[in-house]
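Scroll down for the structure; my scribbles are underneath it.
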Amino acid sequence: MMNSKYDFSAKKVLDRLFDLLNEELIEKLIDEPIDLAVYTFQLKIATPITHSEFKRVIPAFVHHLYKKGLRLPQLLSGHKAFAEAAYLLESYYLNEEATGYDGALLDAVGTNMEGFELVLSRLSESIKSAEREKYLKWVFIDNFFSLNWEFRKRIVSFYLKQNEALLPAEIRDLDPARLVDCFHELFISHVLAESMIGQVLSADRHQNNS
């Protein structure tokens, strides 16, 4: 039973956060439009891949994805698109031998597209990761951090009571005031854990039915 109107309001905020962080919704808002933009990217590419061809294609690829695949489309100049591609590769690209822009270059140059296709695929995944991070920040700024501190503390307190059976004692027994500033990290971890459990259960049901 709700103790007050504040508990009801706190529950509404938590319910909205759960709804906005639903994995299916995020895939629909972020992943699927980027995947479609990748599919529609058309550019004649000369092989084997050279350094100059690499520098020509990756900004064109990023320009296309930012124009066609983002929730808030961006029109990038050639220079800006290259800078963005280099930043994304430097921040997210990883293989067994090298990382970052140089690692991507190593994987692509001298190949007949197979290595370059890997680079473009990972570049599109890095854009998804970056857009997901932006989306998560927006969700919490708009629905949690924009609220006054006392109400945020009430939300944290309600969350701890609502989930006391699931939370470890070292978190459950903390003063809610100490969790206000890092609540978004705790909440995201909770949502991710629920999503993973749901995926495991779904896989088990599929296996049992096959």
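The values are calculated or read from the model by the stated rules, or taken from the named source; none is laboratory data. Please read these numbers as outputs of a predicted model, since none were measured by experiment. Cβ coordinates were reconstructed from backbone atoms using ideal geometry, including for glycine residues, and neighbour counts include every protein chain displayed.
For the reader, a short list of remarks on this structure follows.
- Of all the residues in segment 166-195, those that are assigned to a helix (DSSP H, G or I) and either of a type outside the set (Gly, Ala, Ser) or surrounded by fewer than 13 Cβ atoms within 10 Å (Cβ to Cβ) (or both) number 19.
- Evaluated against (1) at pLDDT 95 or above; (2) under 28 Å from Tyr101 (Cβ atoms), Lys44 falls short on exactly one condition, (1).
- Residue match in segment 86-93 (condition: aliphatic (A, V, I, L, M) and surrounded by fewer than 15 Cβ atoms within 10 Å (Cβ to Cβ)): no
- Every residue from segment 77-104 that is farther than 12 Å from Ala60 by Cα and in a helix (DSSP H, G or I): Ala86, Tyr87, Leu88, Leu89, Glu90, Ser91, Tyr92, Gly100, Tyr101, Asp102, Gly103, Ala104
- Where a residue in segment 63-90 is under 17 Å from Thr40 (Cβ atoms) and its partner, wherever it lies, is among the hydroxyl-bearing types (Ser, Thr, Tyr) and at pLDDT below 95, with Cβ under 6 Å and at least six apart: none
- Residues in segment 14-51 that are touching an Asp or Glu at 6+ places or on another chain (Cβ under 9 Å), of a type in the set (A, V, I, L, M) and not in a helix (DSSP H, G or I): Ile45, Ala46.
- Within segment 16-36, the set of residues being charged (D, E, K, R) and over 11 Å from the mean Cα position of the chain (by Cα) comprises Arg16, Asp19, Glu24, Lys28, Glu32, Asp35.
- Looking across Leu174, Leu186, Leu166, one residue alone is closer than 20 Å to Asp19 by Cβ and either touching a Lys or Arg at 6+ places or on another chain (Cβ under 7 Å) or modelled with pLDDT of 85 or more (or both). It is Leu186.
- Against the test of being among the basic types (Lys, Arg), assigned to a helix (DSSP H, G or I), modelled with pLDDT under 95 and more than 30 Å from Ile155 (Cα to Cα), the options Arg56, Arg122 yield a single qualifying residue, Arg122.
- Residues of segment 112-132 satisfying the condition of being closer than 30 Å to Leu186 by Cα and buried (at least 16 other Cβ atoms within 10 Å of the Cβ): Arg122, Leu123, Ser124, Glu125, Ser126, Ile127, Lys128, Ala130, Glu131
- Taking the numbered list (1) modelled with pLDDT of 95 or more; (2) among the charged types (D, E, K, R); (3) not in a helix (DSSP H, G or I) in turn, Lys128 passes all entries but (3).
- Take the conditions (1) out of contact with any Asp or Glu (no Cβ under 6 Å at 6 or more places or on another chain); (2) within 30 Å of Glu194 (Cα to Cα); Ala108 misses just one of them, which is (2).
- Per the listing Tyr66, Tyr135, Tyr101, the residue uniquely buried (at least 20 other Cβ atoms within 10 Å of the Cβ) and either hydroxyl-bearing (Ser, Thr, Tyr) or at positive phi (or both) is Tyr66.
- In segment 138-152, residue surrounded by the fewest Cβ atoms within 10 Å (Cβ to Cβ) [restricted to those that are of a type in the set (Phe, Trp, Tyr) and within 30 Å of Val38 (Cβ to Cβ)]: Trp138
- Apart from one condition, Val109 fits all of (1) crowded, with 19+ Cβ neighbours inside 10 Å; (2) touching a residue at least 60 places away in the same chain (Cβ under 8 Å); the exception is (1).
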